[in-house]
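For reference, the structure discussed in these notes is given below.
The numbers here are math on the coordinates, done by the rules we state, and not lab data. Everything numeric in this text was worked out from a predicted model, so none of it was measured. For neighbour counting, all protein chains shown are included, and Cβ atoms are generated from backbone atoms with ideal geometry for every residue, glycine included.
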Amino acid sequence: MKLQSLRLLLGSSHACGYLPQRNARSAFVDPSHPLNSALYGSLLDQGFRRSGNYAYRPMCLLCRSCLSVRIAVRDFRPDRSQRRCLRVNADVSLHLKGRLGDEHYALYRRYLQARHTGGGMDPDDSDAFREFLGCGWGHTEFWEFRRGRELLAVAVVDHVPQGYSAVYTFFAPDEPGRSLGTYAILKQVEQARLLGLPYVYLGYWVPSSEKMDYKKRFQPLEVLQPSGWVRMDRIAAGESFADNAASK
């Protein structure tokens, strides 16, 4: 199936979650079109993501600030801070699950109440929780990170032919010293390397959004440009991402 033959549906405008005082909208792959992991992998390479069963990409009228990024697994080396994160979490074990349960939902509620109050995600809606993170057509895994029996974090990860896509991570808000969000990504990179998978997709990076800065720490990071995927450190000197993400 060629991507050019996919029908896209334009969503309505809504407040941007990354840049204040801006509106955003997305284009969705027609929900009637059957998706699978292989096709979704091709969509990831074209800048799409998923929310539940819906594959989408930003399609804002006057802004192109959302840039798709992925880690080049083969060449990745953790920096000093990331090595410390691995040491601090040496007592954490990884368990892969096929579905979400009540214990995961309880942690998700704690995470939202501490980190994203008023962010529009209702921690009391368990059905929305499962619909948002689950996927009926893909190969989705739920990675538990535990210290003994205690659940510290959950990473929702899509497995596609060319790598992993980090969908969402939520974690215990009372363990800030562990940097559990960073640790979850480091483990995805580690697992991808073990399986010979070339990429870990981190979704969208917005250069002017402070809460997205952590993604720049995972080098070499590749950024989707009009010409294709380009390593961040190889973009021509003097050329800013804003040039490529400028309003049109």
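Cα atoms only: what Rg and Dmax, in Å, come out for the chain?
In Å, with Rg to one decimal and Dmax whole: 17.8, 52.
Determine the relative contact order of the chain: mean sequence separation of Cα pairs under 8 Å and six or more apart, normalised by residue count, in whole percent. Could you put the intermediate results ahead of the total?
On the way: 402 pairs, mean separation 61.2, N = 248.
Computed over the chain, the figure is 25 percent.
Debye calculation, C-alpha points only, no solvent: report log10 I(q)/I(0) for the range 155-209 at q = 0.14, 0.16 Å⁻¹, in the same order as the q values.
Ignoring solvent entirely, the Cα scatterers give -0.42, -0.53.
Note down the relative contact order for the range 5-113 as a percent, whole number, built from C-alpha pairs under 8 angstrom at least six residues apart. Each step should come with its number before you reach the end.
Values: 77 pairs, mean separation 20.1, N = 109.
Result for the range 5-113 is 18 percent.
Using 0.36 nm per residue, how much length does the chain from D233 to E210 gain when fully extended, once their Cα-Cα distance is taken away? It would help to have the intermediate numbers written out before the result.
Details: separation 23, 0.36 × 23 = 8.28 nm, distance 1.94 nm.
In short, 6.3 nm is gained.
Is there a pair in K97/K187; K97/K211; K187/K216 whose C-alpha atoms are over 19 Å apart, and which pairs would that be? Please report the intermediate quantities before stating the final value.
Details: K97/K187 15 Å; K97/K211 28 Å; K187/K216 17 Å.
In this structure, K97/K211 lie more than 19 Å apart at Cα.
Kindly point out, ordered by number, any Cys in the chain whose beta-carbon has no other cysteine beta-carbon under 4.7 Å away.
When partners are defined as cysteine Cβ atoms under 4.7 Å apart, the chain leaves C16, C66, C85, C135 without one.
Return the Rg/Rh value of the range 31-138, two decimal places, where both radii are evaluated on C-alpha atoms and Rh is the Kirkwood radius. Let's see the in-between values first.
Details: Rg = 17.5 Å, Rh = 17.4 Å.
Dividing the radius of gyration by the Kirkwood radius yields 1.00.
If I require 15 Å or longer along the helix axis, counting alpha carbons, and a Kyte-Doolittle average no lower than 0.0, what helices from the chain are left? Use full DSSP H segments. Could you put the intermediate results ahead of the total?
Details: long enough: 102-115 (19 Å, -1.42); 180-195 (22 Å, 0.39).
Sorted by number, the helices that extend far enough and score high enough are 180-195.
Which ordering of L152, L94 is given by a fewest-first count of other beta-carbon atoms within 10 Å? All intermediate terms of the calculation are to be shown ahead of the outcome.
Details: L152 22, L94 15.
By the 10 Å Cβ count, ascending: L94, L152.
Consider just the alpha-carbon atoms of the range 80-192 and return their Rg together with their Dmax, both in angstrom.
When restricted to Cα atoms, the range 80-192 yields Rg and Dmax of 13.8, 40 Å.
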